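Report on one structure; see the data block that follows.
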Amino acid sequence: MANLSHSEHPSVQNRRQLLLTAALMGAAAAAPKLAFAADAAAPANAEAAKMYAMFDRAMAKVMRQGPETASYLGMDSGEFAWTKPLLSDRSMAAIARSRAENIEIVKELHAIDRKQLKGMDAINYDTVEFVLAVQAEGDEKFEYGGGGSGSPYVISQLTGAYQSMPDFLDNQHSIETKFDADCYLDRMVAFGRLLDQESDIAEHDFALGVIPPDFVIDKTLIQMKAFADTPTEKAPLVLSVTRRTKEKNIPGNYHEIASKLYEENVLPALKRQIALFEGVRAKAVHDAGVARLPKGGDYYAVSLKNYTTSTISPDEIHQLGLSLVKDYGSQIDKIMKKNGLTKGTVGERLRGMYQDPKFRYPNTDEGKEKLIADLNEKVKVVTAKLPAYFGALPTSPLQIKRVPKAIEAGAPGGYYNGASLDGKRPGIYWINLRDTAEVPSWTLPTLTYHEGIPGHHLQISLSNEAKGLPLIRKLIGFSGYQEGWALYAENLAVEMGMYDKDDWGHIGMLHDAMFRAVRLVVDSGMHSKGWSRERAVTFFVDTLGDQEASAITEVERYCVWPGQACSYMVGKITWLRVRDKAKKALGKTFDIRKFHDAGLLSGATPLTVLEHAIDDYIASAKA
C-alpha cells in the first residue's frame, strides 16, 4: 500500500485516511469543483446537487489538511501548487478536531434525502456514507491509533512517517522546476515535525496501554536505526533531491542544503522516536493480538468491518479459512501428483518446490534484474489478451521496480502504487527482492497478475480514468473491493489461459489462493482466539511450505493491521458471487466485458455497494 493498496495495502489504508482528513477541517469557502467531475452530466435533482456540493467542500478540506493528497493525485501544480511545500498535521489537537467535526460531516450527509438518488448518484452516496460511518464508529469507541480502526499502532514496522515519507518524497513529490525542488526542502523540514507529532501520539497511546508487541518494536527499531545510521551523504532523502535537480539542470546547491536540513530536522526527530521506543521496550508483551488492548474485541470487529466492508464475524472468518485451506490443498495435490510430486503433505511438497534450485533466480543484482525482465514479459502476454475480457482498458503505463533496500526487511512481498491522475507518473508494482529464495519462479506469475494486470494496476487505473466519477470517489480505497478484485484477477488469469502450459505456475496460483485462506485462519486466530505469533507462524509454514522468514513478515503484518488480511478472500468470494448472479440472470446475453465494466467503472466501493452496482447492470442489460 496504496496510494493503492495496499497489495498490500498500505495504499488502501492511506487513501482512506486521506479522505477522512476531511473531517479535520472547518467549512471551505468557495470550494473548487473537485468532487463533481467536469465530464459528468448535470446532477439529476436537487438532492444530488446538494450531495456533490458537499463532496466539493469535503475535497477542499482534504487538500488543506492532507496536502500530500495533491501530490499523490498529480494535482500539486497550478491551483493547488500551494500544497506542494506542506505535509499533514498529525498533532493531537488535529485528531481532537477530527473526532468532533466528523460528527458534523455525517449529519450533513444524512440531511440529504437518499431516496431521491438513483444509479451512480446512489452509489456515490452509499460509498462515502460507509466510510464516514465506520470512521465515526471507530472515533467514538477508541482513543488510540490516531483515530478510527484497523491500525492500532501509529508507528510500527509498517506504519509511521519514518517508514512511508522517504518513498513519498522520492516517488510522489515530482521535481520539474526550482519551485518543486524548494518545496522538497520545505517538506524535509515538515518531515521532522511530523515524526515528532507521531511520537506524541505513540506516547499518548503507550499511557493507555497500547504498546506494540515486543517483536513489532524490535523490527521497528531495526528499520529506524538503519535509517538513522545511514551517513548523510548516502541518505535517500538527500540523494533524491540531489539527483533530480541535477537531471533537470536546476541551479542551486541542493545537496548541501538538503544535508543540513536532514541533520537539523529529520535525524534529531528520528532519534527522539528511537529513544521513545527503546524506552518502552521493557513494557512490551509478546501477545500478538489486539484483544489485550482497551476494548480490543470491539476494535477487531470494527477493523474487520473497515477492511472487509461486510458484517462477517471473527468465527465465520476462521471457519471459512479452514474450509478453503482444505479445498485449495486438494486442488494443489492433484496437479502435484500429475507432475510426479507424491511424497509428503502438500505443505512439505510446496516446501520442496521452494528449496528446489531450478526455480530460483541468482540472489545477485544481475539475477534480480533478470527476474524483473521476465515479469515484464508476462505483463506483455496478459495485456494482449485483455480486449476479450474488458470493454474499457487503462491508458496508464505500468512499471515494475524493486522495493527500496532501506525498507525491504519489513515490507510485504509485493505491492502497488497507482499512477497519478495527470498521467505523468506511471503505476508501480513493487516486488521485494531482499532474497530471491523467497520468490521462486513458480510464485511470480500470480503475484504479477495480482499487483499488475489484470489486478491492481488495471482496476485502479480504470477507476482513476473513469468518466464522470467524482474525485472524492477516486481517492477512497476499499480493501475488500480492491484486494478482492486482485484475487479475482488471479483467478481470471487461469480463465485467460495464462497457465495452460504452466502447471508449476498454476500450483503457485493455487498456493497463493490457499495463502489468503490461511490469512483468514491466522488473523482471526491471533486477534480473536488467543493464538500466539509462534502458533500463527507454525500454521502458516506447515500449511503453505513457505520459508519461515516470509511467514514471520506476514504474521507480524497482521498484528499491526488487524482485519486487513481477511479482506482479500472475502472480496474475491463476493466478486465471484456477483458474477455468477449476473450470469444466471442474463443467461446467453451475459457479456463478461460488460460485467467487468459495470464493476470497475463504478469505482472502488464497499462490497455491499458493489452488489447494488451489479444489480443495476443486470436490470439495465435486461431492459
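What follows draws every value from the coordinates through simple rules; no lab data is involved. Keep in mind it's a predicted model, so treat the numbers as computed, not measured. We place every Cβ from the backbone using ideal geometry, glycine too, and count neighbours over all the protein chains shown.
What the Cβ-Cβ distance of E611 and N253 gives, at R0 = 41 Å and to the nearest 0.05, is a FRET efficiency of 0.10. Counting beta carbons within 10 Å around each of H511, H255 and listing the fewest first gives the order H255, H511.
Which percent of the Cα-Cα distances in the chain go past 38 Å?
When every Cα pair of the chain is considered, 29 percent fall beyond 38 Å.
What the Cα atoms of the range 203-260 give is an Rg and a Dmax of 17.5, 51 Å. Amide H contacts under 5 Å for Q399: G427, I428, Y429, restricted to partners 5 or more places along the chain or on a different chain, H placed in the peptide plane at 1.01 Å from N.
Shape class for the range 261-308: oblate, because the ratio a/c of the largest to smallest gyration tensor axis (alpha-carbon atoms, square roots of eigenvalues) is 1.5 or more and b/c is at least a/b.
Roughly what percent of Cα-Cα pairs across the range 62-131 reach past 19 Å?
The proportion of pairs with Cα distances above 19 Å equals 55 percent.
Straight-distance candidates among the lysines for linking to K141, with alpha-carbon spacing under 21 Å and chain neighbours fewer than 8 residues away dropped: K107, K295, K305.
Rounded to whole Å, the principal axis extents of the Cα atoms in the range 163-265 read 51, 23, 22, largest first. Here the range 376-514 yields Rg over Rh of 0.96, to two decimals, using C-alpha coordinates and the Kirkwood radius. Karplus-based coupling profile of the range 514-520, in residue order and whole Hz: 5, 4, 5, 5, 4, 4, 4, with θ = phi - 60° in 6.51 cos²θ - 1.76 cosθ + 1.60 and x standing for Gly or Pro.
Calculated mean residue ellipticity, 222 nm, the chain: -19500 deg cm²/dmol, from DSSP H runs (n ≥ 4) at -39500 (n - 2.57) each, averaged per residue and rounded to 500.
P(r) tail for the range 289-426, what percent of Cα pairs lie past 28 Å? It works out to 53 percent of all Cα pairs. Greater than 18 Å separation of Cα atoms is the criterion. Which listed pairs, K385/K622; K368/K424; K84/K178; K338/K501; K225/K271; K584/K622, meet it? Long pairs (Cα-Cα over 18 Å): K385/K622; K368/K424. When each of S532, S396, S463 is scored by the number of other beta-carbon atoms lying within 10 Å, the sequence from fewest to most is S532, S396, S463. Taking the centroid of alpha carbons for each part, the range 71-109 and the range 468-498 are 26 Å apart. From the alpha carbon centroid of the range 547-623 to that of the range 119-151 is 20 Å.
By the compact-protein rule of thumb, 2.2 N^0.38 Å, the alpha-carbon radius of gyration of the range 32-186 corresponds to a ratio of 1.18. Only Cα pairs under 8 Å and 6+ residues apart enter the sum, and on that basis the relative contact order of the range 58-103 stands at 32 percent.
Once a ≥ b ≥ c are taken as the square roots of the eigenvalues of the Cα gyration tensor of the range 440-537, is the result rounded (a/c under 1.5), prolate (a/b larger than b/c) or oblate (a/b not larger than b/c)? Here the range 440-537 falls in the oblate category. For the pair K424 and F590, the difference between a 0.36 nm per residue extended length and the Cα-Cα distance amounts to 56.1 nm. Projecting the Cα positions of Y184, G391, M63 onto the charge dipole of the chain (unit charges on Cβ atoms of Lys, Arg, Asp and Glu, taken about the Cα centre) puts G391 furthest along the positive direction.
Computed on the range 492-578, the Cα convex hull volume stands at 96 Å³ per residue.
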